[in-house]
1. Find the relative contact order for the chain and round it to a whole percent, using C-alpha pairs within less than 8 Å whose residues are 6+ positions apart.
2. If the elastic network links every pair of Cα atoms under 10 Å, which of 39, 16, 116 fluctuates the most in the Gaussian network model of the chain?
3. Quote to one decimal, in nm, the extra length available between residue 173 and residue 111 on full extension: 0.36 nm per residue of separation minus the C-alpha distance between them.
4. As a footprinting exposure proxy, order 59, 123 by other Cβ within 10 Å, with the fewest listed first.
5. What distance in nm separates the two pseudo spin-label positions at residue 98 and residue 138, each 7 Å out from Cα along the beta-carbon direction?
6. Taking a virtual spin label 7 Å from the Cα of residue 85 along the C-beta vector, which residues in the range 41-66 bring their backbone nitrogen under 18 Å of it?
7. Any idea how far apart residue 163 and residue 69 come out in nm if each label point goes 7 Å out from Cα toward Cβ?
8. Report P(r) for the chain: all Cα-Cα distances, bin width 5 Å, range 0 to the bin holding the largest distance, values in whole percent.
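Laboratory data are not the source of any read-out in this text; all were calculated from the coordinates shown. No experiment lies behind these values; they were computed from the predicted model shown. Cβ atoms come from the backbone with ideal geometry, glycine included; neighbour counts cover every protein chain shown.
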């Protein structure tokens, strides 16, 4: 499905009935929306971790509303160790995801070697709808940046991969960077 035909994340999450899971496998992202915050953190060590800030409020409200209606939102991150500078930045900001109601776990890449993983980050909604996220080598959105897949085999592959990672991963509060 062409990127323009893919429903937005907001639409997909709004129609999710029971679950949304996200697997992140890159050690760095360079998406425009967070590049200034990352640069500021690198310069000053200060990270916006206020769930009510202008940057975070829309995400927090969206996730909290979904969780309130019964959608379980889980995110797993596979990371190299020692972790990248970006992963340290991500780790510091995860308190906001948790405050919104997400469950987050981390897995060392060396512990994922025997897990069959799709080649790209993804979201799976209700175990049936997969959205692959495509990035450039520098971590910015590729063109197209996403693809929606609903074939049962693709959904099963991604769901199985996520669950295998989740089972091995450690909760955010136990993962140190």
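1. 30
2. Its mean-square fluctuation being the largest, the pick is 39.
3. Working: separation 62, 0.36 × 62 = 22.32 nm, distance 1.85 nm.
Stretched fully, the residue 173-residue 111 segment lengthens by 20.5 nm.
4. Working: 59 14, 123 23.
In increasing order of surrounding Cβ atoms, one gets 59, 123.
5. Spacing of the two 7 Å Cα→Cβ label points: 3.3 nm.
6. Counting only backbone N, you get 41-48.
7. Inter-label distance under the simple model: 2.6 nm.
8. The distribution over the chain is 1, 8, 16, 20, 23, 19, 10, 3, 0, 0, given as percents.
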